[in-house]
Amino acid sequence: MKPFLKNAWCMAAWADEVGEGFLTRTLLGEPMVMYRTAEGRIALLRDECPHRFAPLSKGQRFGDGIQCGYHGLRFNAAGKCVFNPDGDGITPAAAKVRSYPLHERYGMIWIWMGDPALADPALLPSYPFLETPDTYHPVTGYLNVKTSYRFMIDNLMDVAHVLILHHDMLACPGLARSKTKVVRDGAGIWANRLATNTTPPVIFDMMWRRTRGDYTGLMDHWAESRWDAPSLVSQNTGVALTGTPRETGLETKNCHFTTPETDKSTHYFWAICRNFDLKNDKFDEEIRGGTEYAFVQQDEPMVESLQDVVGDREFWSMKPTLLQGDIGTVEVRRTLDRMIEKERAAAESARQSTPTVG
């Protein structure tokens, strides 16, 4: 399996997915089980009993812990074995299930799968629009996609494919003619495009007429995508009448968080947050349907086909032809490559410096 960046926050689940029952999910190639304790706190453990490696999720809740369904060992929410029903009843010190640093924010469960000492919640990128429902109203969803998270990031940072793949709803001729501008912003990388005096995408034309009424003239359209390590993409997408301030237009602020399941499959968590027509349940369902149509019918077949074609080959070894519109995706790919290699080298150095016992 190809290496992942582990010293970073990854999204494990929507907060409302996790209740008293077990939610199982493979993250970065590792099986996990998560649930809420009686006090509502999240417990997330490796879904593997250290005795005979049975999935703990095949067992049952016992208080705030889990009882393995095979031999009955019980583990508390931190993964410590607290009861052995067999023989002398001794609970070996080695009988411990790995737990992980967690953080609950933005209606999401975040996991840190690297060095626990480095797991600082302050390192989580800021998404204030997810915490201001009176300003930006979210519609959220989840999909499991059979492709590498790297292809998902490429797709989300790439505006150039919109003209062709999303020709019926999202395409904007003016945006296709503009150039991508890459901007470094702290730990994040923006890939931005702006079109002025253009025909807006069909979806924004429909939303404008629905919420603002008819209009005359052309529009300005912006599409801005920001990547934060390891696989978090947020976007600002909107329109305004040409010659008017951006703040007077319609905008969605979107999150597309792609957590690796394996190196060939991805958990895709998305949120579309709009600053107009906030209290409209029917509109929520239309946005949900439109978002899933654009991805399931258009993006998903393409990114899964990319996985089929590329397979286990290393991306850069295939010598991809690069276009101007690839500037953002290339910057992100190379940055993530460097981060993964730096983390791997540090782990190897630490391993070699650890004295061998015996």
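The values are calculated or read from the model by the stated rules, or taken from the named source; none is laboratory data. Keep in mind that this is a model prediction, so the values were computed, not measured. Ideal geometry is used to build each Cβ from the backbone, glycine not excepted, and the neighbour counts take in all protein chains shown. With ligands, DNA and RNA removed, areas are computed over all heavy atoms of the protein, side chains included. Shrake-Rupley method; radii C 1.70, N 1.55, O 1.52, S 1.80 Å.
Checking each residue of the stretch 4-13 against the condition of being open to solvent by 60 Å² or more (accessible area, probe 1.4 Å) and of a type in the set (Phe, Trp, Tyr) gives no match.
ALA229 satisfies every condition listed in (1) touching a Leu at 6+ places or on another chain (Cβ under 8 Å); (2) open to solvent by 50 Å² or more (accessible area, probe 1.4 Å) except (2).
Per the listing ALA191, ALA78, ALA160, ALA117, the residue uniquely exposed (fewer than 13 other Cβ atoms within 10 Å of the Cβ) and of a type in the set (A, V, I, L, M, F, W, C) is ALA117.
Find the residue count for the stretch 126-140, including only residues that are open to solvent by less than 70 Å² (accessible area, probe 1.4 Å) and part of a loop (DSSP other than H, G, I, E, B).
The first filter runs over the stretch 126-140 and keeps only residues open to solvent by less than 70 Å² (accessible area, probe 1.4 Å), leaving 127, 129-130, 132, 136-140.
Imposing the further condition that a residue be part of a loop (DSSP other than H, G, I, E, B) reduces the set to 127, 132, 136.
Matching residues across the stretch 126-140 total 3.
Modelled with pLDDT under 95 and of a type in the set (A, V, I, L, M), is that true of ALA176? It is true that ALA176 is modelled with pLDDT under 95 and of a type in the set (A, V, I, L, M). Go through the residues of the stretch 248-268 one by one and say whether even a single one is more than 25 Å from the chain's Cα centre (by Cα) and surrounded by fewer than 17 Cβ atoms within 10 Å (Cβ to Cβ). Within the stretch 248-268, one or more residues are more than 25 Å from the chain's Cα centre (by Cα) and surrounded by fewer than 17 Cβ atoms within 10 Å (Cβ to Cβ).
Return yes when PRO245 is within 21 Å of GLY141 (Cβ to Cβ) and open to solvent by 10 Å² or more (accessible area, probe 1.4 Å) and no when it is not.
On the way: within 21 Å of GLY141 (Cβ to Cβ): no; open to solvent by 10 Å² or more (accessible area, probe 1.4 Å): yes.
Spelling it out, it is not the case that PRO245 is within 21 Å of GLY141 (Cβ to Cβ) and open to solvent by 10 Å² or more (accessible area, probe 1.4 Å).
Each residue in the stretch 90-132 was checked for being of a type in the set (S, T, N, Q) and within 26 Å of LEU56 (Cβ to Cβ), and 2 pass.
Does any residue of the stretch 183-198 turn out to be of a type in the set (Lys, Arg), free of Cβ contacts under 8 Å to residues at least 12 places away in the same chain and farther than 28 Å from VAL330 by Cβ?
Looking for residues that are of a type in the set (Lys, Arg), free of Cβ contacts under 8 Å to residues at least 12 places away in the same chain and farther than 28 Å from VAL330 by Cβ, one finds none in the stretch 183-198, hence no.
Taken over the stretch 289-324, the criterion of being crowded, with 17+ Cβ neighbours inside 10 Å and of a type in the set (Phe, Trp, Tyr) is satisfied by PHE295 alone.
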